[in-house]
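Read-outs: derived from the displayed coordinates by stated rules, not from any lab. Model, not experiment: these values are computed from the prediction. Positions of Cβ are backbone-derived with ideal geometry, glycine not excepted, and every protein chain shown enters the neighbour counts.
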Amino acid sequence: MNKTSLPLQVVEARKLLEHGPHALTQLAKTVGWSPAYLQKQFVLAYGLTPAEFISQQKFKNFKNELRKNSDVTRALYEAGFGSPSRVYEQGAAKLGMSPLTYQRGGAGLEIRYTILETRLGKTLIAATERGICAIALGENEKKLEKELQDEFPAASLKRVDAGRDEFIAPKVSAVVDYLSGKKSRVSLELMGTAFQQRVWQALMKIPSGKTLSYAQLAEQLAMPKAARAVASACAKNKCAVAVPCHRIIRGDGSLGGYRWGLALKEKILAGEMAVK
């Protein structure tokens, strides 16, 4: 939905939420709509419910406070969290690390990774203790490593031999099997905004051998005018193939974009279609 065409009530509701949390009933009363209609229009405009928007704002504020080198306890209250246990629980879920670790740019966090040849060429596979946090494709190893370093500038990034490292070996084996088309359960550690998480979860429900357009995926998410936002979330996916953003194409049937190159997208889709 184009910003210039957004209903004034939706814009007003967002401004109110940016200044602090409001109950849906009170928010709806303020803008002059019913709670159900406001929620529907808010999702259409921004891809999130008001409650999800509040949660994302709190987390965003919390990260900003931490980046200012604030005390963690002070930061969580400044951001609007009422409980240290809640923010640590949510922080770990969204970042794959504790808030204090995030504050230090990932200091103290160990990410083990390997780069090996798969049927899709050179593949970087990285994991935290919670699961695979990145699957990246490309022929330039330095570029693949830099992308990982940019995500966690102060983390301990340790390149290992997947055949000898007991921690990462089973995770890598599962990913390699999955990339080769075998049925394999890959435990993922997905990190992104609430909206990105919604899109990525929807992507993982698209059957192998099937494709959807950006508009069709937006429709499935009850956000028919958010195709551009859906495309942006697809582009920010860090786990190639396991989160199958390659199954999203343009409405005219052309491939559209792909973070790891259109040639790879075509190859992956062709392989899936062959065993459909």
- request: Positive end of the charge dipole of the stretch 138-216 (Lys, Arg +1 and Asp, Glu -1 on Cβ, about the Cα centre): tell me which of 144, 162, 184 has its Cα farthest that way.
  value: 184
task: Could you list which residues have their amide H under 5 Å from that of residue 134, counting only those 5 or more apart in sequence or on another chain, with H placed in the peptide plane?
output: 126
message: Shape verdict for the stretch 114-204, please, from the Cα gyration tensor: rounded (a/c under 1.5), prolate (a/b greater than b/c) or oblate.
response: rounded
- prompt: Arranged from highest to lowest average of other beta-carbon atoms within 10 Å per residue, in what order do the peptides 121-131, 161-171 appear?
  reply: 121-131, 161-171
field: Charged-residue dipole, Cβ positions (Lys, Arg, Asp, Glu), the stretch 217-276 about Cα centre, Debye nearest 20
entry: 200 debye
